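**Student:** The following block contains the structure, expressed as structure tokens.
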Amino acid sequence: MKELTDRQRQVLEFIQARQDAEDLTPTYREIASHFRFSSPNAALAHVQALRDKGFLKSLPGRARAFKVIDPRFPAFKSRPRILPIPIFGSIPAGSPIETSQEQEGCVLIDVDTLGIKPSARTFGLKVRGESMTGKHIVDGDIAIMEHGVTPRPGDVVAALIDGQVTLKTYIVQRGKPYLRAENPKYPNLIPQEELQIQGVMVALVRKRK
């Protein structure tokens with residue numbers, strides 16, 4: 001397998017960075033604009049050279065889609081896609097409490113390992129309490145939530161119930177929803193006036209101590 005020129009390596013790094021950030025391959029025009037090539041044909045030539053040298057592979061059935069495949073290229077060997085997810089405070093996995101959502105930094109997640117596709121509606125919440133241990137959710141975990149998703153029975157949700165927030169399992173019984181604790185020490189929660197789902201849990205991150 002032939003070695004890369006400095007410019008070819010830069011083009012490869014640019015393609016990988018765009019795929020990491022947007023899950024899309026840049027167009028030849030975008031590559032040309034980024035590197036100030038005289039025309040998209042110059043970008044095409046570099047991409048073709050990367051294909052010929054075995055550093056890019058076209059994906060079948062997908063126009064303008066490539067995969068970085070050379071296992072001997074350290075910068076791209078099993079390279080995880082790490083993306084920041086904003087954390088909007090904490091949420092009780094216990095008795096519900098009144099709270100407001102203010103961003104408290106971010107958590108970096110490997111989206112390929114977790115198997116999720118974060119969007120602008122993805123956010124994290126720090127778990128406080130032990131009412132969800134039956135779902136292996138413990139105090140100190142970070143629940144990764146997706147806002148705007150319709151919950152299904154059995155989903156873990158961040159919910160506003162009668163003016164207070166909590167993390168529980170969403171259940172529907174005889175057409176009426178309620179929130180189930182996953183620890184027998186905690187009661188289930190039946191809404192008296194309102195139940196608003198603020199997010200459905202799509203992943204869980206456990207901080208190493």
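**Student:** Can you compute the modelled spin-label distance between Glu194 and Asp155, with each label point 7 Å from Cα toward Cβ, in nm?
**Tutor:** Distance between the two pseudo-spin positions: 1.9 nm.
**Student:** Assuming R0 = 22 Å, can you tell me the calculated FRET efficiency for the pair Lys185 and Val138, based on Cβ-Cβ distance, to the nearest 0.05? Please list the in-between numbers first.
**Tutor:** On the way: r = 14 Å, r/R0 = 0.62.
The formula returns an efficiency of 0.95 here.
**Student:** Step through the table entries Lys135/Lys176; Lys67/Lys207; Lys135/Lys207; Lys126/Lys176; Lys117/Lys207; Lys168/Lys207, compare each Cα-Cα distance with 24 Å, and write down the pairs that go over it. Numbers along the way, then the final one.
**Tutor:** Details: Lys135/Lys176 22 Å; Lys67/Lys207 31 Å; Lys135/Lys207 17 Å; Lys126/Lys176 28 Å; Lys117/Lys207 21 Å; Lys168/Lys207 20 Å.
From the list (Lys135/Lys176; Lys67/Lys207; Lys135/Lys207; Lys126/Lys176; Lys117/Lys207; Lys168/Lys207), the Cα-Cα distance tops 24 Å for Lys67/Lys207; Lys126/Lys176.
**Student:** While we're on this one: To the nearest 0.05, what FRET efficiency results for Ser95 and Arg121 with a Förster distance of 30 Å applied to their C-beta separation? Each step should come with its number before you reach the end.
**Tutor:** Working: r = 27 Å, r/R0 = 0.90.
Once rounded, the FRET efficiency stands at 0.65.
**Student:** Now a separate question. According to a simple spin-label model (label point 7 Å from Cα along Cα-to-Cβ), what is the distance in nm between Ala17 and Phe35?
**Tutor:** The two pseudo-label positions are separated by 1.3 nm.
Each reported figure results from applying straightforward, stated rules to the coordinates on display, with no laboratory input. Not measured: the values here are computed from a predicted model. Every residue, glycine among them, receives a Cβ derived from its backbone with ideal geometry; neighbour counts consider all protein chains shown.
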